[in-house]
Ligand code: MRU
C-alpha cells in the first residue's frame, strides 16, 4: 500500500497533509486550519506534485465553503478563495482546472447546498483518481521493457497524486504483477524531490531504485544502458508542449541523442487545451539555489536564476501516457484522447 498524502475528515472538515519538506527523515502529518496555512503549505512544498495540490486545493475550497455558509457575501468570498489558491503555483494546471470546475458550482443563494456539493466532488475526485493512476500504470507497462532500466526525475509518485503516481505508476502496478524494473532517480536540484521523495517512496515499496545526481544522467544512460525515460507533467498544452520539473528538458535531449524513448505520464487534469508553447514558468527563491539544507553553498548576494520548471517540445517526446492510453504528442491525438474529458 502506498502512502496517503492527504486526509480529509468529512464530518469535521479536518484536513491533514504529510509534510513533504521533512521527508525522508520524518513522516509528520500537519493539520491545515486556515486559508493562509493552506497557501503556505503549497508554496513551501509541504504538499506538492501537480495532482496532489489540486486535491488539496479542492479540500481547502470545501472547508472554506463550509466556513462561509452564513456569510451573505458567500459567492464573492468563495471565488476569492479559489483565486488565491490558484495563484499559489502558476505552472501546475491541475489546481486551476479543479478549482475552476468547483467554482462553476458557486451559483445561486443556497450556500449550504453549494458547500455540500463542493465537498462531495472533492472527496469523489480524490477517491476516483486512484483508478486514473492505476490505468496510467497499466498503459505505461505496455511500452516499458519489463526488467529494464528506466530513468526518472523529480517525484511523480504516490505522494504527488492520490495513489500510484504517474511516472512511478508502472513500477507500483508492475510490482503487484511481478514485473520489476531498475529505476534510476535523478536527485532533482534544487529541492531534491528525487533524492528525498522518489527514492524514499520506491525503497519503502521494495522497488529497485538507484539515486544519481542530475549531472550524472548522460553517463548513466550510456554506461548503465538505460532503456527509457519516464517523467510526470505540470501542464501539457494542446500542441504537446510539456512543462515539468526543471531538468526534464535536458533528459529529453539526452533521450534523443541516445535513441531511447522519452515518455510523459499524466492524467487528463494536467492538460491545458487553451495553451500552446507559451507557459508561465514559476521562478522560486534564490536561496533554494544558494543553500542546501539551510547551509550556504554559494557567495552571499550572487545572482541566481531559479526556474522551477522547463518546457519540453513535442518533437522530443515519444509518447504521452494518460488514463486513456499511450499516444503521440500531436494536437490531433491530444484533442481526440483528452478533449472534453477535463472535468471533476
Ligand atoms: O515542484 P514540484 O515538486 O511540485 O514539481 C513536481 C513535478 O514536476 C512533477 O513531475 C509533476 O508535478 C507531476 S506529479 C504527478
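Here the relative contact order of the stretch 138-338, from alpha carbon pairs under 8 Å that lie six or more residues apart, stands at 21 percent. The residues 270, 318, when put in order of fewest to most other Cβ atoms within 10 Å, stand as 318, 270.
Each of 219, 200 was scored by other Cβ atoms within 10 Å of its Cβ. Listed from fewest to most, they are 219, 200. Rounded, prolate or oblate: pick one for the stretch 138-338, where a ≥ b ≥ c are the square roots of the eigenvalues of its C-alpha gyration tensor, a/c under 1.5 means rounded, and failing that, prolate if a/b is larger than b/c, else oblate. Oblate, since a/c reaches 1.5 and b/c is not below a/b.
Place a label point 7 angstrom from the Cα of residue 210 along the Cα-to-Cβ direction, then list the residues of the stretch 128-152 whose backbone nitrogen is under 11 Å away. Under 11 Å, as judged by backbone N against the label point of residue 210, lie 149-151 of the stretch 128-152.
Label the stretch 192-250 by shape, choosing from rounded, prolate and oblate, from the square roots a ≥ b ≥ c of the eigenvalues of the Cα gyration tensor; if a/c is under 1.5 it is rounded, and otherwise prolate applies when a/b is larger than b/c, oblate when it is not. Here the stretch 192-250 falls in the oblate category.
What is the stretch 134-185 by shape, rounded, prolate or oblate, if you read a ≥ b ≥ c off the alpha carbon gyration tensor as root eigenvalues and call it rounded for a/c under 1.5, prolate for a/b larger than b/c, and oblate otherwise? Cα axes put the stretch 134-185 in the oblate bin.
Express as a percent, rounded to the nearest 5, the fraction of DSSP beta bridges in the stretch 249-344 (both residues included) that run antiparallel. The antiparallel proportion sits near 65 percent. With neighbours defined as other Cβ atoms within 10 Å of a residue's Cβ, the residues 327, 271 order from fewest to most as 327, 271. So in the chain, what percent of DSSP beta bridges are antiparallel if you round to the nearest 5? If I count the DSSP bridges inside the chain, around 55 percent turn out antiparallel.
When the Gaussian network model of the chain links Cα atoms closer than 10 Å, the mean-square fluctuations of 157, 57, 301 top out at 301.
Coordinate-derived values only; no laboratory data. As the structure is a prediction and not an experimental result, all values here were calculated from the model. Neighbour counts run over all protein chains shown; Cβ positions are idealised from the backbone, glycine included.
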